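Each reported figure results from applying straightforward, stated rules to the coordinates on display, with no laboratory input. Just so you know, these numbers come straight off a predicted model, no measurement behind them. As a convention, Cβ positions derive from the backbone with ideal geometry for all residues, glycine included, and neighbour counts pool all protein chains shown.
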There are 2 protein chains.
Amino acid sequence: MKVYSKNDFSKLEKRDKANLFNCFHGFKSPVLIGTKNSEGVENLAIFSNIFHIGANPHFIGFISRPDSVDRHTLENIRKQKFYTLNFLNIDQIKNAHQTSARYEKNQSEFTECSFDSYYTLLPAPYVLDSNFKLGLELKEVIDIKLNGTHLIVGECLEVISSKDIESFGLHDVSNVAVNGLDRYYKVDPIVRFSYAKSDREVSRLDFN
Amino acid sequence: MKVYSKNDFSKLEKRDKANLFNCFHGFKSPVLIGTKNSEGVENLAIFSNIFHIGANPHFIGFISRPDSVDRHTLENIRKQKFYTLNFLNIDQIKNAHQTSARYEKNQSEFTECSFDSYYTLLPAPYVLDSNFKLGLELKEVIDIKLNGTHLIVGECLEVISSKDIESFGLHDVSNVAVNGLDRYYKVDPIVRFSYAKSDREVSRLDFN
């Protein structure tokens, strides 16, 4: 076991440094965020920095950088207020990764990266072939002044699922995780544990 | 594919509702957060809501609820300013899950859940047997007024790793993901893609 100080890891070669820092935030579900701009052009971008903020109402957060590849997404969400999160499977990852390229404002990643859009009454495009999709409404953009990033908080208004939502698990509809910007992993169910109590050992539960 | 409105999923039976909502934030790396209180009692708690806020400096965020099982963690971080993130493997998950039980302030989850602590000069306990550990200093607590949760922002000051940090990947030191509160998954490397460009298809890279 080796201990590395900030001074040590700051000196790493650029690629090694990126590799290391990308590990810090762990495995994540990659999702495609679907939006539309004021000219009606659909946008799709891969994100993995999605997290739970609250269950009632159902707030979901993500972090957006001000001037990175996600800038169209942030701009569209601010203006249009609605967006979609689309979960993925391994076989969709190559096209999903391609959405991280820098396309022009008048180009749609749906077309460029071979995804079909799908609409409900919500004014934002879903990914037709995603097995699990969430429709969100923007609630707040919180500025993180420390480094100029933004925390986007949305409320889930709609769920579209290929499986019934009773006795549901994420593994029923998605089997991929990502770490950093480019490494994708397959995810397989292993164990589910009971609610932990201080006076007894946790026990195994049925997975679903 | 079925479409469910907020009205539909609000009517689900309690357990089904929890199952569904826990899917919204995707697969995550479970980590143990190590802290110490002002009486010197060590605390350890499992979290999965960890995310990237910035690379330079290396800011890592997590969401804490005000009055949940993580209350000792938040209180300790606010007072002591230093804490550790300890990544896990599948074989450590049962004991790690046990840390989510409600222990008293004078009880240490290190003792109760069979983890040994490890110290550097940083005044917070690491998990000895974790293959990848980060030492953090609190930079800011941002209140999310929408629902009373907190965004804790810390800077990574120290990395402790069982593998050299050159040509590093998270799969070298951790193989587990979690969804929701109780479902654990094994994570296996599948594919790594090149930086995406709008004028060409992405290509496969060596995984490390």
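Alpha-carbon geometry of region A:14-205: the Rg and the Dmax are 17.4, 60 Å, given in that order.
Determine the shielding of peptide A:14-22 by partner chains: average, over its residues, the number of Cβ atoms on other chains within 10 angstrom of each Cβ.
Numbers: counts 0, 2, 5, 6, 1, 7, 11, 9, 5.
Per residue, the average neighbour count from other chains is 5.
Using the Karplus relation 6.51 cos²θ - 1.76 cosθ + 1.60 with θ = phi - 60°, the per-residue 3J(HN,Hα) values for region A:49-62 come to 8, 9, 8, 7, 10, x, 9, 8, x, 8, 8, 10, x, 8 Hz, with x marking Gly and Pro. Within the listed set B:151, B:32, B:121, the residue fluctuating most in the Gaussian network model of chain B (springs between alpha-carbon atoms under 10 angstrom) is B:121. Annotation: amide H-H contacts under 5 Å for residue A:144 (H modelled 1.01 Å from N, sequence separation of 5 or more, or interchain): A:149, A:150, A:151. Sorted ascending by nearby beta carbons within 10 Å, beginning with the fewest, B:126, A:4 become A:4, B:126. In plain terms, the residue of B:112, B:104 with the fewest other Cβ atoms within 10 Å comes first and the most crowded comes last, giving B:104, B:112.
Taking 1 over the mean of 1/r across every pair of different Cα atoms in region B:16-96, what Kirkwood radius in Å do you get?
14.1
Shape class for the protein assembly as shown, computed from the alpha carbon gyration tensor (a ≥ b ≥ c): prolate, with a/c not under 1.5 and a/b above b/c.
Qualifying trypsin sites (Lys or Arg not before Pro) in region B:30-123, where qualification requires a DSSP coil assignment and no more than 16 other C-beta atoms within 10 Å, comprise B:81, B:102, B:105. Over region A:153-208, the ratio between the Cα radius of gyration and 2.2 N^0.38 Å evaluates to 1.53.
Computed from phi, the 3J(HN,Hα) profile of region B:87-101 under the Karplus parametrisation 6.51, -1.76, 1.60 (θ = phi - 60°) reads 6, 10, 10, 3, 6, 9, 6, 4, 5, 5, 4, 4, 5, 7, 5 Hz, with x in place of Gly and Pro. The modelled label-to-label distance between residue A:114 and residue A:166, using points 7 Å beyond Cα along the C-beta direction, is 3.8 nm.
Calculated mean residue ellipticity, 222 nm, the protein assembly as shown: -4000 deg cm²/dmol, from DSSP H runs (n ≥ 4) at -39500 (n - 2.57) each, averaged per residue and rounded to 500. Residue by residue along B:200-208, Cβ atoms of other protein chains within 10 Å of the local Cβ number 3 on average. GNM remark for chain B: springs join alpha carbons under 10 Å apart, and the peak mean-square fluctuation among B:13, B:42, B:137 falls on B:13. Applying the Karplus relation 6.51 cos²θ - 1.76 cosθ + 1.60 with θ = phi - 60° to region A:111-127 yields 3J(HN,Hα) values of 5, 5, 10, 6, 10, 8, 8, 8, 10, 10, 6, 5, x, 8, x, 8, 8 Hz, where x marks Gly and Pro.
Structure remark: mean-square fluctuation, Gaussian network model of chain B, C-alpha springs under 10 Å; the largest value among B:141, B:153, B:191 belongs to B:191.
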